[in-house]
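Trainee: Could you have a look at this structure, given as structure tokens, before my questions?
Every number here is computed from the coordinates shown, using simple stated rules; none is lab data. The structure displayed is predicted, hence computed values, not measured ones. Virtual Cβ from ideal backbone geometry, glycine too; neighbours counted across all protein chains shown.
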Ligand SMILES: Cc1ncc(COP(=O)(O)O)c(C=O)c1O
């Protein structure tokens, strides 16, 4: 098994001893390295916006202050969490297809930067609330393109979708929104595909965004302040997944972004790259300890203290069509000689972390490290199910460990 964590293995061992398991460990140094890479590949066009749904840990949010200029939030809970952790409301964009009246009202009262409108009814509601609050609210209009290229793990457009306004009806919708006195369109937003490891597919998707942005800005004679590109940048989860070559994405899209920049209509437009997992996913590892081993009908089984309840995505229950093992290793290393099925502690057959994993001989007390776990982990898992302890969250920075469990 590929071992992307060798230098961190002693830290993983120390963290599981000191803080217990199940636990997530997030490496600040790895996020820092990823930020540097993104700066090199995309910094000449884009500023970044971190979609905090990927990992809303407060320590991470505070650490990102000053390192990433914008946050995308998707609920009032996330608005409050961002504000409580030092973010300025003006630096937030608020996406989400079913924002409730109270959420929009509080976001407007807080001075949110942009509300990302996902439907016409939402626009009318936001308009009414902004007028009642005596403000003109900035909004981004989220568009749903009619096509998402092949090569994305999940797509939010190109078919019937709860997200954004279909491009087929977008011109009339934009005219309607532009006429609402309580709102001011600051720009457009598209997030139509996630988890791609293919530079050609990502570049093609961004070309679709650019074409949509141009089409509607010209149609409405808009000079947008901001255009948000939902990145779609993925991470490798499974053995055999390729590492995403962001330099190749940059090279492929460079002529299109340079041409957009050269167009006077977009010369002063702020381009924003919105991303979640690509920033934090590979910086996280999930640690689960073997409570018991057994052999059942000739197969070796290791039963771990955290499974689906602590890391839903690793069990394949978070939008994976075919369940495949996340990359993983036994902390402490060793020659892989044993085929083992890893299960969590729950009384359900879907609580399975790995099938047929090749590992060193596994014994009670061993700690298994599951890679690519920094996004859609702790906050995306049903920790309440069967009332086992919730996973700890550990922050690792320059070799120093701290417990940052919420
Ligand atoms: C609007 C929006 N922004 C950002 C994201 C983050 O996606 P990812 O973590 O794949 O970058 C999503 C994912 O569903 C999204 O819907």
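Trainee: Please state the shape class of the stretch 63-153: rounded when a/c is under 1.5, otherwise prolate if a/b exceeds b/c and oblate if not, all from the C-alpha gyration tensor.
Mentor: Working: a/c = 2.10, a/b = 1.09, b/c = 1.92.
It is oblate, given that a/c is not under 1.5 and a/b is not larger than b/c.
Trainee: Classify the stretch 224-269 as rounded, prolate or oblate from the Cα gyration tensor: take a ≥ b ≥ c as the square roots of its eigenvalues, call it rounded if a/c is under 1.5, otherwise prolate when a/b beats b/c and oblate if not. Let's see the in-between values first.
Mentor: On the way: a/c = 6.42, a/b = 2.35, b/c = 2.73.
Verdict is oblate for the stretch 224-269.
Trainee: Can I ask one more? How much space per residue, in cubic angstrom, does the convex hull of the C-alpha atoms of the stretch 56-275 take up? Mind dumping the intermediate values first?
Mentor: Numbers: hull volume 27.7 nm³, N = 220.
Hull volume over Cα atoms, normalised by residue count, gives 126 Å³.
Trainee: Using Cα-Cα distances under 8 Å and only pairs 6 or more residues apart, what relative contact order does the chain have, in percent?
Mentor: On the way: 886 pairs, mean separation 83.1, N = 406.
Once normalised by length, the contact order is 20 percent.
Trainee: Express the Stokes-Einstein translational diffusion coefficient of the stretch 118-195 in µm² s⁻¹, to the nearest whole number, given a Kirkwood radius over alpha-carbon pairs, 25 °C and a viscosity of 0.890 mPa s.
Mentor: Answer from the Stokes-Einstein relation: 186 µm²/s.
Trainee: Between the helical axis of 9-19 and the dominant principal axis of the chain, each derived from Cα atoms, what acute angle in degrees is found, rounded to the nearest 10?
Mentor: Roughly 90 degrees, rounded to the nearest 10.
Trainee: Helix-only mean residue ellipticity at 222 nm, the chain, DSSP H runs n ≥ 4 weighted -39,500 (n - 2.57), per residue, nearest 500. What is it?
Mentor: Values: 10 runs with 120 residues, N = 406.
About -9000 deg cm²/dmol.
Trainee: Going by average Cβ neighbours within 10 Å, how do the peptides 228-234, 274-280 rank, with the highest at the top? All intermediate terms of the calculation are to be shown ahead of the outcome.
Mentor: Values: 228-234: 27.9, 274-280: 25.6.
Those peptides, ordered most packed to least, come out 228-234, 274-280.
Trainee: How are the alpha carbon pair distances in the stretch 282-403 distributed across 10 Å bins from zero to the largest one, expressed in percent?
Mentor: Computed distribution, short to long bins: 14, 48, 32, 6, 0.
Trainee: Using a Gaussian network for the chain with springs between C-alpha atoms less than 10 Å apart, which of these wobbles most: 198, 67, 392?
Mentor: 67
Trainee: Return the single residue from 134, 332, 307 with maximal mean-square fluctuation; model: Gaussian network over the chain, springs between Cα atoms under 10 Å.
Mentor: Top of the fluctuation ranking is 134.
Trainee: Mind ordering 374-385, 291-302, 154-165, 48-59 by average Cβ neighbours within 10 Å, highest first? Working shown, then result.
Mentor: On the way: 374-385: 20.2, 291-302: 12.9, 154-165: 17.8, 48-59: 22.7.
The packing order, highest mean first, is 48-59, 374-385, 154-165, 291-302.
Trainee: Let me ask something else about it. Along the three principal axes, how long is the stretch 244-295 when you take its alpha carbons, biggest first, rounded to the nearest angstrom?
Mentor: Cα spread of the stretch 244-295 along its principal axes, largest to smallest: 67, 20, 14 Å.
Trainee: From zero up to wherever the largest Cα-Cα distance of the stretch 1-149 sits, split into 5 Å bins and tell me the percent of pairs in each.
Mentor: 2, 8, 16, 16, 16, 14, 12, 8, 6, 3, 2, 0
Trainee: Quick one: what Rg and Dmax do you get for the stretch 9-61 from the alpha carbons, in Å?
Mentor: 14.6, 44
Trainee: Calculated FRET efficiency, residue 211 and residue 397, Cβ-Cβ r, R0 56 Å, to nearest 0.05?
Mentor: Values: r = 42 Å, r/R0 = 0.75.
E(calc), rounded to 0.05, equals 0.85.
Trainee: Could you give the C-alpha radius of gyration of the chain expressed as a fraction of 2.2 N^0.38 Å, taking N as the number of residues it contains? Could you put the intermediate results ahead of the total?
Mentor: Working: Rg = 22.3 Å, N = 406, 2.2 N^0.38 = 21.6 Å.
Rounded to two decimals, the normalised Rg is 1.03.
Trainee: Taking one equal scatterer on every alpha-carbon of the stretch 156-273, how large is log10 of I(q)/I(0) by Debye at q = 0.15 1/Å?
Mentor: Normalising to I(0) and taking log10 leaves -0.73.
Trainee: By how many nm would the segment from residue 380 to residue 67 lengthen if fully extended, with 0.36 nm per residue of separation less the alpha-carbon distance?
Mentor: Values: separation 313, 0.36 × 313 = 112.68 nm, distance 2.44 nm.
Extra length from residue 380 to residue 67 when fully extended: 110.2 nm.
Trainee: Subtracting the Cα-Cα distance from 0.36 nm times the residue separation, let me have the gained length for residue 338 to residue 102 in nm, one decimal. Before the final figure, lay out the partial values.
Mentor: Working: separation 236, 0.36 × 236 = 84.96 nm, distance 5.45 nm.
Here the segment from residue 338 to residue 102 would lengthen by 79.5 nm.
Trainee: Rounded if a/c is under 1.5, else prolate if a/b is larger than b/c, else oblate: which is the stretch 302-346, with a ≥ b ≥ c the root eigenvalues of its Cα gyration tensor? Write out the running numbers ahead of the final one.
Mentor: On the way: a/c = 2.21, a/b = 1.53, b/c = 1.44.
Because a/c hits 1.5 or more and a/b exceeds b/c, the stretch 302-346 counts as prolate.
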